[in-house]
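Laboratory data are not the source of any read-out in this text; all were calculated from the coordinates shown. Predicted model only: the values in this text are computed from it and were never measured. Cβ atoms come from the backbone with ideal geometry, glycine included; neighbour counts cover every protein chain shown.
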Amino acid sequence: MAKQTFEKAMKELELIVQQLESGDQPLEEAVKKFEEGIKLSKFCSEKLDETEKRISILLKDKSGNLFEKPFISESELEDG
């Protein structure tokens, strides 16, 4: 099986959402698609969390020197 990427997972998730919204799926098939969508959603969420932790913001101080500052998300500010 090919390695899952964020982009591929998002495309698959979008397709599943379209299929479920159409209402054309038999109940059992819709439940399977829903379960698959939940797994893809969790995968994408985990990838975004991993990426967010790796992000650093590059800034300049008053002297014009560059330095890195850890990224703090809005949710971390609200929690904090």
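Can you tell me the FRET efficiency between residue 67 and residue 41 if r is taken as the Cβ-Cβ distance and R0 is 35 Å, rounded to the nearest 0.05?
It comes to 0.45.
Quick check: the angle from helix 27-54's long axis to the longest principal axis of the chain, C-alpha only, nearest 10 degrees?
Taking the Cα atoms of the chain, the angle to 27-54 is about 10 degrees.
Based on the Cα atoms of the chain, what semi-axes does the equivalent ellipsoid have, where each is the square root of 5 times one gyration tensor eigenvalue, given in whole Å with the largest first?
For the chain, the ellipsoid semi-axes come out as 39, 14, 10 Å.
Not counting the cut sites, what is the longest span of the chain without trypsin sites (Lys or Arg not before Pro) that DSSP labels loop and that have at most 12 other Cβ atoms within 10 Å? Please report the intermediate quantities before stating the final value.
Values: sites that count: 3, 62.
That would be 4-61.
Looking at this model, which pairs from 3/32; 33/53; 8/42; 11/32 are more than 23 angstrom apart at the alpha-carbon?
Exceeds cut-off: 33/53.
How much mean residue ellipticity at 222 nm does the chain get from its helices, if each DSSP H run of length 4 or more adds -39500 (n - 2.57) and you divide by all residues, to the nearest 500 deg cm²/dmol? It would help to have the intermediate numbers written out before the result.
Numbers: 3 runs with 51 residues, N = 80.
After summing the helix terms and dividing by residue count, I get -21500 deg cm²/dmol.
Nearest 10 degrees, 0 to 90: what angle lies between the long axis of helix 6-22 and the longest principal axis of the chain (Cα atoms)?
40
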